[in-house]
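The values are calculated or read from the model by the stated rules, or taken from the named source; none is laboratory data. Computed from a predicted model, the values in this text were never measured in an experiment. Here the Cβ positions follow ideal geometry from the backbone for every residue, glycine too, while neighbour counts run over all protein chains shown.
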Amino acid sequence: MSEPGIPTEWWASENFWRKCAIFVTGFMALVLVLLTFHTLTVIEAGSEAGRVPAYSVINHRIGYVMDDEKRRMMPVIGPKAPLFGEELTEAEAMALVDHGKLTVQARNCMNCHTILGNGAYYAPDLTKAWLDPGWGNEQARELLMTMFLKDPPTNARTFGTGRRMPNQELTDAEVRAVIAYLKWMSAIDTNGFPSGFKPLPQGPLTEAPQSQSGASHALGTSPPLAQPRRPSTKSPPPLASAPAAGLSMRGAT
Amino acid sequence: MKIGKINYSELSTAQKLSVKYFTVAMVLFLAQLIFGLVAAWQFLAPDFLFEVLDFNVNRMVHINAMVVWMLYGFIGAIFWLVEDESGVPLVGAWLANATFYVLTVAVTIVVLVYLFVQSGPGDAWTLWLINEGREYIEAPRWADIGIVICMVAFFYNVAGTFVAGRWSGISGVLVLDLVALAGLYLAGMFYTTNLPMDQYWWWWVIHLWVEATWEVLVGCIMAWGLIKTLGARRRIVTTWLYVEVALMFGSGILGLGHHYFWIGTPEYWLGIGGFFSALEPVPLVAMVVHAVYDAGRHSFRSSNHPALAWLIAHAFGNFIGAGVFGFMQTLPQINMFTHGTQWSSSHGHLAFFGAYTTIIVAFIYLTIQRLRGDVWMSGDLHGGWRWKWSLGLLHVGMVGMSMALLIAGYEQSFIERAMGGSTWQAYFDGQTQPWFIQAMWWRMIFGVIMTVGLVLLLVDFVKIGAGDDRPIRAVPSEAIPEPEAQSEELAEAAAGS
Amino acid sequence: MVEPEVIHRVAGAALLGGVMVLFGAGYAIFHALAGLTGSRGMAGASILSYGLLCCCAVGFAALLQLADWWLALMGLLLIGYFVVPRFIWKLSLAVHGESSHINNETPGQATAKDMEASRHE
């Protein structure tokens with residue numbers, strides 16, 4: 001392809017840059033594929049890495065606290081606190097969360113809300129919706145969430161914006177499933193996003209050791225969830241400030 | 001060819017297809033702006049069309065119309081250049097025509113279902129028939145499959161034509177890029193309960209389309225355009241295309257990592273994503289050097305002023321929208337506070353417009369010039385104010401809107417993220433601040449300005465060159481006769497057609 | 001809750017980051033113009049732009065309290081912003097068949113002459 005008439009340096013030739021383009025693209029794609037293989041094992045629900053919890057995490061209390069070692073906020077899996085008072089097996093929990101996610105997709109929630117920070121900006125982020133202090137306290141939360149989702153326009157607190165959530169005509173089963181999905185979502189380790197978030201007041205995130213064996217038994221393949229996953233977490237969930245969280249992500253690799 | 005008249009019947013099959021694709025693209029562009037305006041108005045008057053046409057529906061149509069019209073624009077451009085570049089008539093013309101109608105009918109059905117059915121029960125049927133509920137790729141699964149089939153047909157038309165004719169550097173890159181483009185779409189076509197897994201693959205489609213394969217597609221289209229409109233030498237253009245591919249894919253593929261900061265993926269993505277996306281503006285800056293070099297070496301005596309103006313807008317828009325606005329929030333330390341606020345929206349608006357709208361509009365002007373029988377489109381155009389004003393209004397609207405959103409975003413990250421700790425109360429506190437509300441008003445005003453600009457642009461598309469009997473200004477060739485056998489062939493082919 | 005001071009630093013860094021890229025473009029444009037016209041002023045403006053870019057980068061790193069990996073990244077960016085436009089300039093000359101050394105001896109004059117020549121062709 002090179003022109004005989006015009007001398008070009010080898011490093012400026014069409015041929016050289018074609019090879020460069022192919023090599024660079026191939027190499028980067030290969031690195032991405034290798035990283036993808038690794039990431040996919042890490043983000044398996046309930047995997048050893050503990051970033052994405054098993055679905056049965058909805059049987060437990062979930063906290064969000066400052067991790068002093070990592071210098072960012074992390075979710076903590078506390079003692080048993082089954083959703084709607086009903087303890088589920090991993091398979092049942094998965095089916096419930098699955099129904100919830102299907103419902104959230106089917107009702108196109110993401111084009112008003114953000115989910116893990118992605119989506120639209122017309123309504124609040126849902127990442128920590130389960131832990132939002134707006135629900136008042138742990139005891140009232142499930143009831144309030146259910147009431148709200150059943151009839152959002154009537155129960156809307158628009159905080160002066162006038163923006164109400166339209167009635168999605170959710171069935172009772174869909175409401176429960178959506179709440180389960182949100183509870184599971186709040187336990188995903190999102191590298192400290194959102195920063196400085198203060199969860200609603202909840203009971204302790206640690207418990208007496210005797211109930212642990214039973215809990216990890218029921219969870220099957222998942223890691224022992226009954227004890228706090230993070231070594232350095234403190235209870236109760238701190239309301240203290242999270243100074244410069246996220247600003248100190250040094251040496252992340 | 002009659003100069004100044006519509007010469008549609010004298011276009012080749014592929015060129016006729018381009019005109020069709022561009023027409024639908026412009027209809028969808030208008031739809032994008034109208035639904036954008038409705039959604040913007042709902043920020044100011046939340047009761048407007050409440051439970052009739054809610055924000056999520058308008059916003060979905062707004063962004064879907066954009067994705068689809070841009071794809072239509074790319075397809076149109078490729079059909080326009082495929083015969084010229086390969087030197088033979090389009091292979092599978094009947095199939096190409098059928099694909100256009102099937103695709104357009106499918107898009108229409110999808111939009112109608114979005115508007116009138118809107119959502120469904122939380123089961124797999126909804127995902128198959130109504131809406132997948134995943135931003136940007138909401139199209140239901142049946143449409144996904146249809147899109148893939150249409151893309152395969154399109155790929156057959158394009159690759160088949162090059163196989164029947166001749167290959168070049170540009171067509172080689174183009175065809176490989178189309179394979180990647182279609183292949184990546186498959187990554188967004190499955191359902192999983194696992195949300196991080198879902199978003200992981202979802203970004204493969206969105207990011208690797210928008211920040212990698214689309215960029216390269218635009219590179220191919222521009223390369224061809226430069227040869228045709230400015231008489232740039234093929235060897236040089238092709239070499240630069242390869243340089244661009246190396247730089248774009250070199251930084252863009254792993255730049256994907258900047259979407260993996262907060263979705264549950266491992267911490268190493270903070271480092272990788274931050275690193276490669278910080279590098280992403282460097283190629284954009286470097287390319288500025290080449291643009292200046294080219295502009296300095298060749299006095300621009302363009303044969304198509306509007307197209308050239310939009311190409312320059314492309315160079316600036318891509319650099320500012322993607323480069324400057326992108327880098328501002330690309331490091332995780334900053335992104336933590338800006339991600340998912342109006343900052344993202346500001347960056348998104350400016351980057352999509354600067355990188356893609358501009359280039360497609362430029363290409364449409366080239367198409368119209370040919371459609372009008374190679375009419376004069378240089379200086380002193382009849383009604384030349386129209387293209388200048390539409391260009392100006394669209395840019396004023398877009399820049400104003402992005403700045404308004406940036407201010408809103410700043411306010412949001414301050415009040416909601418930093419002060420309020422991202423609770424719902426904090427979110428709404430941010431949304432009710434006077435700065436935020438004023439920014440939303442300004443966004444609305446600039447949105448209207450942009451819409452006026454678009455209407456004027458569409459009028460100009462219809463009117464430009466009409467009744468003008470001056471022939472196109474001869475393309476100033478790059479002075480040196482092409483020694484390549486390839487370009488002689490091209491010249492013969494051009495003379496033949 | 002994060003201290004207001006932190007978010008001001010973050011916002012300041014974002015602004016500086018954007019300006020930094022703009023100075024990167026300024027450096028690149030002036031460098032290319034210096035090569036085309038041989039103007040010393042352009043060459044000076046190019047160096048000035050790069051200097052301001054460095055200032056922005058230092059401010060950026062200080063505001064975000066960058067360390068280790070991130071500091072190394074900033075160093076690499078500074079090198080990249082300096083080297084890549086220069087390389088692209090040389091590549092522009094070389095790809096167009098102009099030997100790159102033309103430009104090194106009394107920059108500008110040769111190039112300007114060269115431009116004339118190519119116009120006449």
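Remarks
- Restricting region B:260-274 to residues that are buried (at least 24 other Cβ atoms within 10 Å of the Cβ) and assigned to a helix (DSSP H, G or I) leaves a set whose member that is nearest to the other protein chains (Cβ to nearest Cβ) is B:270.
- Of the helices (runs of 4 or more DSSP H) lying entirely inside region B:287-405, those containing at least 1 residues that are over 30 Å from residue B:13 (Cβ atoms) are B:305-317, B:325-328, B:332-338, B:342-352.
- Criterion: buried (at least 23 other Cβ atoms within 10 Å of the Cβ) and in contact with a strand residue (DSSP E or B) (Cβ under 7 Å, 6 or more places away or on another chain) - qualifying residue of B:354, B:340: B:340
- For region B:27-70, taking the residues that are β-branched (Val, Ile, Thr) and at the interface with chain A (Cβ under 10 Å from one of its Cβ atoms), the one that is farthest from residue A:122 (Cα to Cα) is identified as B:52.
- Total residues in region A:146-170, condition in contact with a Lys or Arg (Cβ under 6 Å, 6 or more places away or on another chain) and in a helix (DSSP H, G or I): 1
- Selection within region B:424-447 - among the β-branched types (Val, Ile, Thr) and in contact with a Gly (Cβ under 9 Å, 6 or more places away or on another chain): B:432, B:445
- Within region B:176-219, the set of residues being among the charged types (D, E, K, R) and closer than 24 Å to residue B:357 by Cβ comprises B:177, B:211, B:215.
- In region B:307-356, the residues that are of a type outside the set (Ser, Thr, Tyr), within 14 Å of chain A (Cβ to nearest Cβ) and touching a residue at least 12 places away in the same chain (Cβ under 8 Å): B:329, B:331, B:332, B:335, B:336, B:337, B:339, B:342, B:343, B:347, B:349
- Residue-level check: of (1) assigned to a helix (DSSP H, G or I); (2) closer than 28 Å to residue B:234 by Cβ, residue B:89 misses just (1).
- For the residues C:80, C:41, C:75, C:35, the requirement of being over 30 Å from residue B:422 (Cα atoms) and under 10 Å from the mean Cα position of the chain (by Cα) singles out C:80.
- Residue check for residue B:195: facing another protein chain (nearest Cβ under 8 Å) and under 25 Å from residue C:57 (Cα atoms): no
- The single residue among B:218, B:158 that is modelled with pLDDT under 95, of a type outside the set (D, E, K, R) and farther than 30 Å from residue A:187 by Cα turns out to be B:218.
Residues checked against (1) more than 8 Å from every other protein chain (Cβ to nearest Cβ); (2) of a type in the set (A, V, I, L, M, F, W, C); (3) more than 25 Å from residue B:36 (Cβ to Cβ):
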| position | (1), (2), (3) |
| --- | --- |
| A:112 | no, yes, no |
| A:126 | yes, yes, no |
| A:171 | no, no, yes |
| A:174 | no, no, yes |
| A:190 | no, no, yes |
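- Considering residues of region A:44-70 that are of a type in the set (D, E, K, R) and within 17 Å of residue B:266 (Cβ to Cβ) only, the residue nearest to the other protein chains (Cβ to nearest Cβ): A:51
- Some residue of region B:200-212 being without any contact (Cβ under 8 Å) to a residue 24 or more places away in the chain and among the small types (Gly, Ala, Ser): no
- The condition of being part of a loop (DSSP other than H, G, I, E, B) and assigned by TED's automatic domain parsing to the domain that holds residue A:158 holds for only one of A:121, A:64, that being A:121.
- Scanning region B:52-75 for residues that are acidic (Asp, Glu) and either in contact with a strand residue (DSSP E or B) (Cβ under 8 Å, 6 or more places away or on another chain) or within 20 Å of residue B:364 (Cβ to Cβ) (or both) turns up nothing.
- Residues that are on the phi > 0 side of the Ramachandran plot and surrounded by fewer than 17 Cβ atoms within 10 Å (Cβ to Cβ), drawn from region C:31-81: C:65, C:68
- Just one of the listed residues (A:81, A:91) is surrounded by fewer than 20 Cβ atoms within 10 Å (Cβ to Cβ) and either of a type in the set (Lys, Arg) or under 13 Å from residue B:193 (Cα atoms) (or both), and it is A:91.
- Complete set of residues in region B:115-139 that are surrounded by 15 or more Cβ atoms within 10 Å (Cβ to Cβ), in contact (Cβ under 8 Å) with a residue 24 or more places away in the chain and farther than 17 Å from residue B:199 by Cα: B:118
- Qualifying residue in region C:16-34 (condition: within 25 Å of residue B:343 (Cα to Cα), at pLDDT 90 or above and within 14 Å of chain A (Cβ to nearest Cβ)): no
- Evaluating residue A:19 against the criteria (1) at pLDDT 90 or above; (2) charged (D, E, K, R); (3) assigned by TED's automatic domain parsing to the domain that holds residue A:141 leaves one unmet condition, (3).
- Residue match in region B:380-390 (condition: basic (Lys, Arg) and modelled with pLDDT under 95): no
- Put simply, of B:374, B:429 the only residue that is touching a strand residue (DSSP E or B) at 6+ places or on another chain (Cβ under 8 Å) and surrounded by fewer than 24 Cβ atoms within 10 Å (Cβ to Cβ) is B:374.
- Condition broken by residue B:73, with the remaining ones in (1) surrounded by fewer than 24 Cβ atoms within 10 Å (Cβ to Cβ); (2) part of a helix (DSSP H, G or I) satisfied: (1)
- Qualifying position, being assigned to a helix (DSSP H, G or I) and over 18 Å from the mean Cα position of the chain (by Cα), among A:99, A:38: A:38
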